[in-house]
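So the structure is just underneath, and the comments pick up after that.
The values are calculated or read from the model by the stated rules, or taken from the named source; none is laboratory data. What you see is a predicted model, and the numbers here were worked out from it, not measured in a lab. All Cβ positions, even for glycine, are placed from backbone atoms using ideal geometry, and neighbour counts span all protein chains on display.
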Amino acid sequence: MPADESVIAPLNPAPELEENSICAVNALINGEDVPIILHRRNGKTVAWVNVCPHQGRRLDYDPGRFLREGDHLICAAHGATFSLESGECVSGPCRGESLQTVPTDALKLETTG
Ligand code: FES
């Protein structure tokens, strides 16, 4: 995603993220509802578009429910395995490709309740 694209507003409340956790949220990006993966790591939150580079499917098997093995996130569709450190596919049908990073400094998520 180019740096000049803006992430404007939340659609879902953002949960409090515990260290090493993964969750799914939605955000409005340039007017579009975009599914996002949030991962808390070393005290920082990283965000990727929840779309697999292999065939464009969501990575979770149910919204917010991900397959995970240690430090890897596995696409529920065909098993592409992504590093949670880099977002790069390290094994599977799209090896060498990466999840699309979303700049978290521009990501505005709000909690409700
Ligand atoms: S869509 Fe993710 S591995 Fe095929």
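A few points about this structure:
- Those residues of region 21-66 which are more than 22 Å from residue 90 (Cα to Cα) and of a type in the set (S, T, N, Q), in sequence order: 26, 30
- Hits in region 38-48 (condition: in a loop (DSSP other than H, G, I, E, B) and either free of Cβ contacts under 8 Å to residues at least 24 places away in the same chain or touching a His at 6+ places or on another chain (Cβ under 8 Å) (or both)): 42
- Inspection of region 49-59 finds a residue satisfying the criterion of being within 13 Å of the ligand (Cβ to nearest atom), part of a loop (DSSP other than H, G, I, E, B) and among the small types (Gly, Ala, Ser).
Each row is one residue, and each column tells you yes or no for (1) exposed (fewer than 13 other Cβ atoms within 10 Å of the Cβ); (2) touching a Gly at 6+ places or on another chain (Cβ under 7 Å); (3) under 17 Å from residue 17 (Cα atoms).
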| site | (1), (2), (3) |
| --- | --- |
| 29 | no, no, no |
| 36 | no, no, yes |
| 39 | no, no, yes |
| 44 | yes, no, yes |
| 53 | no, no, no |
| 69 | yes, no, no |
| 79 | yes, yes, no |
| 82 | no, no, no |
| 93 | no, no, no |
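- When residues in region 65-102 are screened for being within 11 Å of the ligand (Cβ to nearest atom), among the small types (Gly, Ala, Ser) and in a strand (DSSP E or B), 1 of them pass.
- Listed by first and then second residue, the pairs linking a residue in region 73-102 that is within 14 Å of residue 48 (Cα to Cα) and of a type in the set (D, E, K, R) to a residue that is in a loop (DSSP other than H, G, I, E, B) and more than 8 Å from the ligand (Cβ to nearest atom), with Cβ atoms under 9 Å apart and 6 or more places separating them unless they lie on different chains, are 85/71; 88/95; 88/96; 88/97; 88/99.
- Members of region 12-27 that are surrounded by 14 or more Cβ atoms within 10 Å (Cβ to Cβ) and at pLDDT below 80: 12, 14, 15
- Options 32, 16, 69: the member that is out of contact with any Pro (no Cβ under 8 Å at 6 or more places or on another chain) and without any contact (Cβ under 8 Å) to a residue 12 or more places away in the chain: 32
- Count of region 28-70 residues which are under 18 Å from residue 97 (Cβ atoms) and more than 14 Å from the chain's Cα centre (by Cα): 2
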